[in-house]
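Participant: Here it is: the structure, laid out below.
We did not get these values from a lab; they are worked out from the coordinates using the rules stated. This structure is a prediction, so every number in the text was calculated from the model and none was measured. No Cβ is skipped: glycine too gets one built from the backbone with ideal geometry, and neighbour counts run over all protein chains shown.
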Amino acid sequence: MLFSFPNAFAQDGLYPIKIDVIEKRDANYLTPENTLAANFSALMQNNLDWYYNTLTEKTAADDKKQFAEAGIDPNKNLDLVEEGDQLFLLDRLKFKDGILLHTKVISVDGTIGTGPVVFVQENGLWKQTFKYSSDQDLFEYFDIATLDEILNPEIQISPTQWNLQWYQQMLNKKPHQHSPDLKKVTVLCVLGNLLDSDGNVVSVENINPETVVLNHVVRPVPWDTGAAKEETAVLINNDKQSTSKVQKLLKNWENQHSLDEGFQKPLMLIKFSKFEAMKSLDDPDFGKTYTISVSTP
């Protein structure tokens, strides 16, 4: 699959992909992904004409007609998103005569919603269509989670300071010039003390580490425990394990003795590529402070 748009980030070309806001002059409609970026950007920039240009001619005409018949200002379309909303692409699938992009929106109020967006080709360009809006085959792609449905974990990241100069040096290298040890440069996430909306404890053992992502896009780096099969995460269930096997695995981190302070066992240890983690930040700069998120679908 070829992505021609420059306004997204995915680790090693894998999903999920974060879709960033672009300028209209940078938009093109050569792939469904590009059109999705233009569609999202048009809404974020309150440009109704641009938004209609990301739709098929029939879809745009039908939308305008429905608003007119209902006596509603079509600019209400622009209320679909708010400043601060984030858009992610979860998957791409063939659907009917077009392409379905499975998307996730994290609203500024914390609500998380997933849904399908279908694109078809029109005059050689990819445009969004509403003609399948009532198709039952699309229903399985819809989901929504409000704040009271989201678990609240305690997360600790180590190290807490990341070297921007090192990152810029790695970024300026060509892919084949990257050190083979680059993947070994990681950040550690300690995850525990999960609570549901009622304050009840939820064990991290209920989490599938394969689904955990940092900043919604960066996937874990497996632990090299010496076992035949690599482990995506290490679980600390008791003090004995914490002082033996796990302490040996943590020897490359400074102040490892304090990493699990304040956590109730069991807790989960997950590693992420430091380079990919820094790449997922918005406009990294010296001296800036960032909020790092760790989540599952």
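Participant: Note down the relative contact order for the stretch 31-100 as a percent, whole number, built from C-alpha pairs under 8 angstrom at least six residues apart.
Facilitator: Numbers: 38 pairs, mean separation 21.2, N = 70.
It comes to 30 percent, rounded to a whole number.
Participant: Also, quick follow-up: Quickly work out the Glu122-to-Thr211 label distance, labels modelled 7 Å from Cα along the C-beta direction, and quote it in nm with one decimal.
Facilitator: Calculated label separation equals 3.6 nm.
Participant: Turning to a different aspect of this structure: At 7 Å along Cα-to-Cβ for each site, give me the label-to-label distance between Lys173 and Thr296 in nm.
Facilitator: Between Lys173 and Thr296, the simple spin-label model gives 3.4 nm.
Participant: Pairs to check: Lys64/Lys96; Lys24/Lys271; Lys76/Lys279; Lys174/Lys288; Lys58/Lys104; Lys18/Lys64. Give those whose C-alpha atoms are more than 28 Å from each other in this structure. Please report the intermediate quantities before stating the final value.
Facilitator: Numbers: Lys64/Lys96 25 Å; Lys24/Lys271 38 Å; Lys76/Lys279 35 Å; Lys174/Lys288 26 Å; Lys58/Lys104 26 Å; Lys18/Lys64 30 Å.
Those over the limit are Lys24/Lys271; Lys76/Lys279; Lys18/Lys64.
Participant: Also: For Lys183 and Gln165, compute 0.36 nm times the residue count separating them, minus their Cα-Cα distance, and round to one decimal in nm.
Facilitator: Working: separation 18, 0.36 × 18 = 6.48 nm, distance 1.74 nm.
Contour length minus the Cα-Cα distance gives 4.7 nm.
Participant: For the stretch 8-147, give the magnitude of the charge dipole about the Cα centre (Cβ charges: +1 Lys/Arg, -1 Asp/Glu; no others), in debye to the nearest 20.
Facilitator: Details: 13 positive and 23 negative charges, 70 e Å.
Using Cβ point charges on Lys, Arg, Asp and Glu, the stretch 8-147 gives about 340 debye.
Participant: Something else: With a point put 7 Å past each Cα toward its Cβ, work out how far Leu30 is from Ser133 in nm, to one decimal.
Facilitator: Taking the two extended label points, one gets 3.1 nm.
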